[in-house]
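The values are calculated or read from the model by the stated rules, or taken from the named source; none is laboratory data. Everything quoted here is computed from the prediction, not taken from an experiment. Backbone-built Cβ (ideal geometry, glycine too); neighbour counts: all protein chains shown.
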Amino acid sequence: MAKKKTTAKTSANPGDDLEGLKRLKAAYDSIREQMSGTIVGQADVIEQLLVCIFARGHCILEGVPGLAKTLMVKTLAQCLSMDFNRIQFTPDLMPSDITGTDVMHEDRATGHREFQFIKGPLFTNVLLADEINRTPPKTQAALLEAMQEHQVTVGGQRYPLPEPFFVLATQNPIEQEGTYPLPEAQLDRFFVKVFVGYPDPTEERQIYRLMTGEEITAPEPVLDAEQIIELQHVVRRVPISDFCLDYVMHMVRATRPDSGEAPDFIKEWLLWGAGPRAGQSLILAAKARAALYGRPEVQIEDITNVANAVLRHRLVLNYNAEAQGQTVDSVIRKLIETIPTHQSAEGVDERAERVLKA
């Protein structure tokens, strides 16, 4: 079956994208301010979530229980004025429990009977898939279709999901008993994997004060669904130089142990490297990050900043790496240190502005 062809939205007037970048940066600042009334700290996590949202991706959040992952996603959905659903994934969860099912309906006046589709919790804008690795592969596969195709198939019929649609899944890194780890092919469908860490002492004290008080300030909507889709198009049109494009390609190809471009430590520590989807995700994430900061062109800093989140779930360590105490993040950091980043910055903003106005 041929894939549905999509056409990128184009600017109606010169300079529209530059105005879009200003709106996106203003929205980013406003969202952070609104979320600060409920979420203490976690600035990097919020930034990576917004990078994912504006790049039209899905995200895995990994962290121990009690770090406000659910509250963070719910608060973000409120700031973006979008519908939010949460599914608690369990071993007995069936595909129809999340997609919906056909139910027999009888018209009492005529006696006519027909099947009607009752939508499941997947039909939302922001879906929190809590503990995604606790449900069997069959249910994970149903979620995968929704993530990839933005539709569900029930009884041979296809039902489109509302736009925009994002899956923000969580995993508990501690408890692995009774889980169904996601295979690498399914992990690759997630745009980024974000680690949610413990707060520092100052933030933790503030959390105790805020969350044990009488009232918590509810966030106000900053963007609606139509505005989000418009800004997603702005992100896609952020230009990237040939140097940055080659930098991404070199980084991705260098993660493959059987490649001639791989450094010795990659051949020693990795079983599998990243595929072309990782390179596409790196570019889109870097574009989204540049846009969040109001910059009209991708810089190397944007790529290196999102590299860990984009690559960490796409690389597979071997026994040698684990025996030497290496982690995926440490391998990525070492890889970044080996790739040349020299580029003349002269005229970067002026060149990007010309491209945006073309």
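Which ranges mark the helices (runs of 4 or more DSSP H) fully within the stretch 268-358 that have 1 or more residues being modelled with pLDDT of 90 or more and within 23 Å of Ile228 (Cα to Cα)?
Counting at least 1 such residues, we get 276-292, 300-311.
Which residues, taken from the stretch 100-133, are surrounded by fewer than 18 Cβ atoms within 10 Å (Cβ to Cβ), under 21 Å from the mean Cα position of the chain (by Cα) and touching a residue at least 40 places away in the same chain (Cβ under 8 Å)?
Scanning the stretch 100-133 gives a single hit, Glu131.
From the list Asp17, Asp97, pick out the single residue that is surrounded by 14 or more Cβ atoms within 10 Å (Cβ to Cβ) and at pLDDT below 85.
Result of the check over Asp17, Asp97: Asp17.
Please go through the stretch 21-70 and pick out each residue that is among the small types (Gly, Ala, Ser) and surrounded by fewer than 18 Cβ atoms within 10 Å (Cβ to Cβ).
Of everything in the stretch 21-70, those that are among the small types (Gly, Ala, Ser) and surrounded by fewer than 18 Cβ atoms within 10 Å (Cβ to Cβ) turn out to be Ala26, Ser30, Ser36, Gly37, Ala43, Gly66.
Spot the failing condition for Cys52; the list is (1) in contact with a Gly (Cβ under 7 Å, 6 or more places away or on another chain); (2) modelled with pLDDT of 90 or more, and only one is missed.
Condition (1) is where Cys52 drops out.
Considering only residues of the stretch 161-170 that are part of a loop (DSSP other than H, G, I, E, B) and of a type outside the set (A, V, I, L, M, F, W, C), which is surrounded by the most Cβ atoms within 10 Å (Cβ to Cβ)?
The selected residue is Pro164.
Could you check the stretch 79-124 and list, in sequence order, the residues that are in contact with a Gly (Cβ under 7 Å, 6 or more places away or on another chain) and assigned to a strand (DSSP E or B)?
Gly100, Asp102, Phe117, Ile118, Lys119
Loosely packed, with under 12 Cβ neighbours inside 10 Å and within 30 Å of Gln227 (Cβ to Cβ): does that describe Arg158?
Taking the combined requirement at face value, the residue satisfies it.
Take the residues in the stretch 231-248 that are in contact with a Leu (Cβ under 9 Å, 6 or more places away or on another chain) and in a helix (DSSP H, G or I), then tell me which one is surrounded by the fewest Cβ atoms within 10 Å (Cβ to Cβ).
Only one residue tops the list, namely Arg236.
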